[in-house]
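Here is the structure we will look at.
Derivation of every value follows stated rules applied to the coordinates shown; laboratory data play no part. Keep in mind it's a predicted model, so treat the numbers as computed, not measured. Here the Cβ positions follow ideal geometry from the backbone for every residue, glycine too, while neighbour counts run over all protein chains shown.
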Amino acid sequence: MAESSPLLTSETALRIAAESETEFAWSSRGARILGPVGENATVLLPGPRLVLRICASSEMERAARELSVAHWLQEHAVPAVPVVEEFPAPVMFQGWVITVWKFIPGIEPGTPSTIGTALRQLHRLDRPMSLRLPKLDPLNGVAGYIRQASLDRPETAFLRARLDELRDDYARLRFALPLGPVHGDAHRKNIVRDCHGDPVVLDLERFSIGPREWDLVVAAVYQRVGWYTSAEYEAFTAAYEWDVRTWSGYETLAAVRELRMTAWLCARTGREPRLLPEARLRIASLKRPETPKHWQPGT
């Protein structure tokens, strides 16, 4: 799970898309960025209906694994984002790694029930023998996010101390569900609906072997921070057929997820100063876990 590169910006990604079109025979006319830029930049090429995922050269192995995971999921009837046959492996351009995916028109964020159904389907799969998947570490990369943050020293000191505390707490967890393939970042922008309302699993960079509870705690945290209503969360648990909040380790895992979400946002504050108020609001809420959280979605 890579740390974000300060050199990867929207402008850099669009330049790479434009300058690479001759070498790879695609048109970058009308190219635009999809979503925030972090470890990856995602660029839509509307003419050829392709999506480019751009990341640092050090992430070649991880990028290749994403393509392999997509093939494996499709073979097992899990609706993953389709790979472009002409680009079965990542390509290199100017020191950047590019994976190429088919554009899916009309996608919308996944509903809680859509996500719960897709995760139930995914979590029924056994560990793939044909893939070398990493072991999930939910806190991997968080220290790097904190280093990149444009925060005051007391704020970063708090985040580092919280990270150390949660590493110890996480190591003591005993999970209720068996270990197996997990998405690793199963939120509503990564498990979406296509124009027919069917689920599509996107962003496979954190696909790994780990506790299924990690995928499930996302929806529970969304409810905690005000992004899901109680009814929406109930729709998620009904679709998955289990509520992670009934497990004894829930509070610890939810705290891990909240720290990761906060640190990831903080890492972007240097290049996106507009995020500082939300980053500081989240840090303040981590200091007072007993109080209701009201985080701003869509940042």
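Worth a mention:
- Using every pair of separate Cα atoms, the Kirkwood estimate puts the hydrodynamic radius of the stretch 75-120 at 13.2 angstrom.
- Taking amide H as placed 1.01 Å from N in the peptide plane, the amide H of LEU50 sits under 5 Å from that of LEU45, PHE103, each at least 5 places away or on another chain.
- Gyration tensor verdict on the stretch 182-254 (Cα atoms; rounded if a/c is under 1.5, prolate if a/b is larger than b/c, oblate otherwise): oblate
- The chain - percent relative contact order, Cα under 8 Å, separation 6 or more: 18 percent
- Extended-chain gain in nm, criterion 0.36 nm per residue less alpha-carbon gap, ARG271 and ASP152: 41.3 nm
- Rounded if a/c under 1.5, otherwise prolate or oblate - the stretch 66-143, Cα gyration tensor axes: rounded
- Across the stretch 71-154, C-alpha contacts under 8 Å between residues 6 or more apart give a mean separation that, scaled by the residue count, equals a relative contact order of 19 percent.
- Seen from THR114, the other residues with C-beta closer than 13 Å to its C-beta sum to a net charge of 0, counting Lys and Arg as +1 and Asp and Glu as -1.
- From the alpha carbon centroid of the stretch 137-173 to that of the stretch 49-114 is 29 Å.
- Helix-derived mean residue ellipticity, 222 nm - over the chain, DSSP H n ≥ 4, -39500 (n - 2.57), to 500: -12500 deg cm²/dmol
- DSSP beta bridges in the stretch 86-217 [antiparallel fraction, %, rounded to 5]: 90 percent
- On a per residue basis, the convex hull of the C-alpha atoms belonging to the stretch 37-183 measures out at 171 Å³.
- Using C-alpha pairs under 8 Å with a sequence gap of at least 6, the mean separation divided by the residue count of the stretch 181-299 gives a relative contact order of 22 percent.
- Separation of the SER10 and ARG32 label points, Cα + 7 Å toward Cβ, nm: 1.1 nm
- Sorting the segments 19-29, 92-102 by their mean number of nearby beta carbons within 10 angstrom, highest to lowest, gives 92-102, 19-29.
- Cα gyration tensor shape for the chain, rounded if a/c is under 1.5, else prolate or oblate: oblate
- Inter-part distance, the stretch 214-231 to the stretch 258-297, computed on C-alpha centroids, equals 16 Å.
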